[in-house]
1. When the helix-only estimate is applied to the chain (DSSP H runs of n ≥ 4, each -39,500 (n - 2.57), divided by the residue count), what is the mean residue ellipticity at 222 nm, nearest 500 deg cm²/dmol?
2. Check LEU304: other-chain or 5+ apart residues with amide H under 5 Å from its amide H, H built from backbone geometry?
3. Considering only DSSP beta bridges whose two residues both sit in the chain, what percent are antiparallel, to the nearest 5?
4. Could you tell me the largest-minus-smallest coordinate of the C-alpha atoms of the chain on each of the three principal axes, in descending order and whole angstroms?
5. Select from TYR62, VAL49, CYS139 the residue farthest towards the positive end of the dipole of the chain; place +1 on Cβ of Lys and Arg, -1 on Cβ of Asp and Glu, and compute about the Cα centre.
6. Residue by residue, what Karplus-based ³J(HN,Hα) values in Hz, rounded to whole numbers, does the stretch 117-134 have, using 6.51, -1.76 and 1.60 with θ = phi - 60° and x for Gly and Pro?
7. When you take every Cα atom in the stretch 176-294, what is the radius of gyration, and what is Dmax, the widest Cα pair distance, in Å?
8. Relative contact order (percent) for the chain, with alpha-carbon contacts under 8 angstrom and 6 or more residues of separation?
Amino acid sequence: MTYAAGRHFLQIPGPTNVPDSVLRAMSAATIDHRGPDFQALGTELLRDVRPVFGTTGPVVMYPATGTGAWEAALVNTLNPGETVLCFETGHFATLWQEMAGRLGLRVDLVPGDWRHGADPAVVAERLAADTGRRIAAVCVVHNETSTGVTSRVAEIRAAMDAADHPALLLVDTISSLGSMDYRHDEWGVDVTVAGSQKGLMLPPGMSFNAISAKALERSRTATMPRTFWDWGPMLAANERGFFPYTPNTNLMYGLKEALRLLHDEGLENVFARHTRHAEATRAAVRAWGLEVLALDEREFSSALTAVLVPDDVDADKVRAVILDRFDMSLGAGLGRLAGRIFRIGHLGAFNDLTLAGTLAGVQMGLGLAGVPVAGSGLDAALERLQTD
Ligand SMILES: Cc1ncc(COP(=O)(O)O)c(C=O)c1O
């Protein structure tokens, strides 16, 4: 007997499930990226993507994954040898600060336990101690996809303002944009880094920088070497809806449809939907008697939940059982969390029954893997879903 027919359950925290209408939009014929039809598309997207970032300023789009947009944020705004203040909130924050080091920046790294976000009080302390104004940028991962912990960006900005420090604020929203409340302008973020494959419900391969006036000003004198990532030629071409090199046209068709879906639902509703699914997921985890990795409820992610398994359980074995038996992919523990957690993605094109199916698969998988659970997480989640 076989168990798996029908659709694969892709419940990793990105890439997420791509809606059928987005897939269909991307299947249109590729057009001349220097012609009038493309110009109309480019002009529309460069305008309509801004509200998702909470900005009225420029957003550039790269035919590259999120890692590229990380690099773009650094090389466009900084000078070789300058210091960046980074927080070890998890695997992706670690990779970003390593990149900064390899690019020739000095990294002032605040260690972390991978269960908390960047602490605004520590930002305040570090900036107050920086009397020589060596720190040129503060780098924060808004939603640490490896841990399911969110950093409080508005509070970090307030700490920077209170210290009256001129550092730029660079924020990675790769797994929060389009899923969780985010406000580039209002929160005073200088560069927001994002990717296509999570809340935007697109395949991987496109990434973004939203740019503040201050960051743009800095980019005019910043001397880090850059060619592909250079905002200058990009923004100049974008003025007319074009790109300085070949853009990923078909992903842009998809983006147009994804933005339509997000704007039709309303961003507030999108965020509320994610919050509710995250609450139901945490209710399930608690009912199973397992632990949510995030420790501070102000920092719970609405995009994913990382579940800590008991010491004598290998989380990768649980995931393997679930993949084999129920054809569902869950996120692996990354870096120092390998084997210790599994991650449930509940972002993007996702509804109550997707969540119910996901949690049913987890619950059955825990049983098949021999992990003792205290009660029915699925029932706890369904109860939460029925309250509003
Ligand atoms: C928070 C975060 N930052 C950076 C990245 C790296 O992005 P990419 O894999 O698109 O290059 C990811 C990927 O999952 C991520 O979740």
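1. Calculated from helices alone, the mean residue ellipticity at 222 nm is -13000 deg cm²/dmol.
2. Excluding prolines and chain starts, which carry no amide H, the hits are HIS346.
3. Among the beta bridges of the chain, antiparallel pairing accounts for roughly 50 percent.
4. Per principal axis, max minus min of the Cα coordinates gives 62, 55, 36 Å.
5. Farthest towards the positive end: TYR62.
6. Ordered by residue, 3J(HN,Hα) equals x, 5, 8, x, 5, 6, 4, 4, 4, 5, 6, 5, 6, 8, 5, x, 6, 7 Hz.
7. According to the Cα coordinates of the stretch 176-294, Rg and Dmax are 18.2, 56 Å.
8. Relative contact order for the chain comes out at 24 percent.
Bear in mind these aren't lab numbers, they're just calculated from the coordinates by the rules spelled out. Bear in mind the structure is a predicted one, so any value in this text is a computation, not a measurement. Heads up, the Cβs are rebuilt from the backbone with ideal geometry, glycines too, and the neighbour counts pull from every protein chain shown.
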